[in-house]
Amino acid sequence: MATGVKTENGKIGLGPDGTPLSTILEQAQARGLAVGLVTNTPLAHATPAAFAAHTGSRYAMAEIARQLLAARVDVLLGGGENAFLPQWWTGHYPEPGTRTDGRNLIAEAVEAGYTYVWDAAGLQAAALMHAPRVLGLFADEELPRPQTPTLAALTEHAISILSRRPEGFFLMVEGGQIDWACHANDAALAIGDTLAFDAAVAAGLRYAAGLENTLVIVTSDHETGGMALSLSNNGGQAFAMPDGTPFYVTWTTDDHTDTNVLVNAQGPWSSLATGIYENTHIYTLMAMALTASPELILDGSSLAYPGEPLTFAAHFNPITATLPISYLWTATGQTPLTTPGGAHSTAGFTWPLTGTYTLTVTARTPEVTLTARRFIMLRHQWYTLYLPLIQKRAP
Ligand SMILES: [Zn+2]
């Protein structure tokens, strides 16, 4: 999902033969985007690690923590303070550090320009003060329930920090304890954590609302537990929906399964996220949104009648376009027209006479100017008359 390459279980950012793989986060960073990782598990846990670290084992968490900071990930929010502190050192949380190399990565991060926060108030202050780089560690290991800050609050603050970068940003948010609840076959925790994750998704969608250049993907890296819901009493654990309707939860395993998982996406290239495909396709989708070169598409009629009102639409791709975009429409025999717009804009024209006309639209962003052209042929309306047939009766 992070690199587009399938590898062996437990490897982080390495191919099956141990070759380091470039991740989507690194590619976004190379293009000038701000990048962030958010989780309610330890930051050096496998999922965030896969986006910015390269090690032979997911359990090398001290090394992964070092690599996350060395990679200059702009926003790092999660648990796992232990992996950032030496064995003899206690930070803001009771357990001592676990690093055997004696390094205090928190102190090193602050020296390197990170704002370090350890609670909800500190995170809010860092966001308000426009801190460009933030390391937030909110627990020794995973964030205990009820989680403070909530995953939704972590997401909201991460977005507010990252979205100041004019080039755009990449953010991965993990609701990582849903998997743990499913390993324990604990349906109440799995449902509660899924609702908390849903609130984090809502925070992402609130930001993306009206931003046609923002791709949002919601998915899972795998299913755990073979969790199944039924409306009929099959002996599973009983729950009730908000309206009181009972439902029952059963499990088939305490481990990961190969069940297909859902992918929901909105924004540029999200049309590629329909159907069933390999998990590496998620990487392709993100890479398309990140790297596709800008293009301007001009839609509308190319054959019409004189006097017919015609509407044309211009569509600007991709995700990295900086708004606002201004659209200049020039057409044979028409006064030039400028329309403001996001990724889309429309304009209407009417030509009174027959002939072939050229419509040109020029989209201008702060970085790039693109032009698209369309020919419109206007011809007379021809009427077809059907004459009645008269059948003659034989004499
Ligand atoms: Zn798991």
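All of the numbers you see were taken from the coordinates with simple rules; none came from a lab. Please read these numbers as outputs of a predicted model, since none were measured by experiment. Virtual Cβ from ideal backbone geometry, glycine too; neighbours counted across all protein chains shown.
Top mean-square fluctuation among A109, A53, A240, Gaussian network model of the chain, C-alpha springs under 10 Å?
A240
Looking only at F51, F170, F312, which one moves most when the chain is put into a Gaussian network model with springs between Cα atoms under 10 Å?
F312
Efficiency by 1/(1 + (r/R0)^6): what FRET value for R164 and L211, r their Cβ-Cβ distance, R0 = 22 Å, to the nearest 0.05? Mind showing how you got there, number by number?
Details: r = 14 Å, r/R0 = 0.65.
Efficiency computed from Cβ-Cβ geometry: 0.95.
Each residue of the stretch 242-248 in turn: what ³J(HN,Hα) in whole Hz from Karplus with 6.51, -1.76, 1.60 and θ = phi - 60°, glycine and Pro shown as x?
Whole-Hz 3J(HN,Hα) from phi for the stretch 242-248: x, 8, x, 4, x, 9, 10.
Along the Cα→Cβ direction, 7 angstrom out, place labels at T365 and S22. What is the inter-label distance in nm?
Once both label points are built, they end up 2.0 nm from each other.
Mind checking which of S270, S301, S326 has the largest fluctuation in a GNM of the chain, springs on alpha carbons under 10 Å?
The residue that fluctuates most here is S301.
If R0 is 45 Å, what FRET efficiency do you get for H222 and R379 from their C-beta distance, rounded to 0.05? Intermediate values should be presented prior to the final figure.
Details: r = 59 Å, r/R0 = 1.30.
For H222 and R379, the calculated efficiency is 0.15.
Towards the positive end of the charge dipole of the chain, with charges on Cβ (+1 Lys, Arg; -1 Asp, Glu), say which of T350, A120, A62 has the farthest Cα.
T350
Against the longest principal axis of the chain, how steep is helix 187-208, in degrees 0 to 90 to the nearest 10, with axes from Cα atoms?
Helix 187-208 sits at roughly 50 degrees to that axis.
Per 0.36 nm of contour for each residue apart, how much would the distance between H256 and L328 grow if the chain were fully extended, relative to their Cα-Cα spacing?
On the way: separation 72, 0.36 × 72 = 25.92 nm, distance 5.40 nm.
In short, 20.5 nm is gained.
If a paramagnetic tag sat 7 Å from the Cα of A238 along the Cα-Cβ line, which residues of the stretch 174-207 would have the backbone N under 11 Å from that point?
Residues passing the 11 Å test: none.
Roughly what would the spin-label model give for A121 and V5, points 7 Å off Cα along C-beta, in nm?
4.7 nm
R0 = 45 Å: FRET efficiency of Q87 with Y277, Cβ-based, nearest 0.05?
Working from the Cβ atoms, E equals 0.50.
Among the DSSP beta bridges whose two residues both lie in the stretch 24-291, what percent are antiparallel, rounded to the nearest 5?
On the way: 14 of 32 bridges.
Around 45 percent antiparallel, to the nearest 5.
Inverting the mean 1/r over all pairs of different Cα atoms, compute the Kirkwood radius of the chain and quote it in Å. It would help to have the intermediate numbers written out before the result.
Values: mean 1/r = 0.0409 Å⁻¹.
Answer for the chain: a Kirkwood hydrodynamic radius of 24.5 Å.
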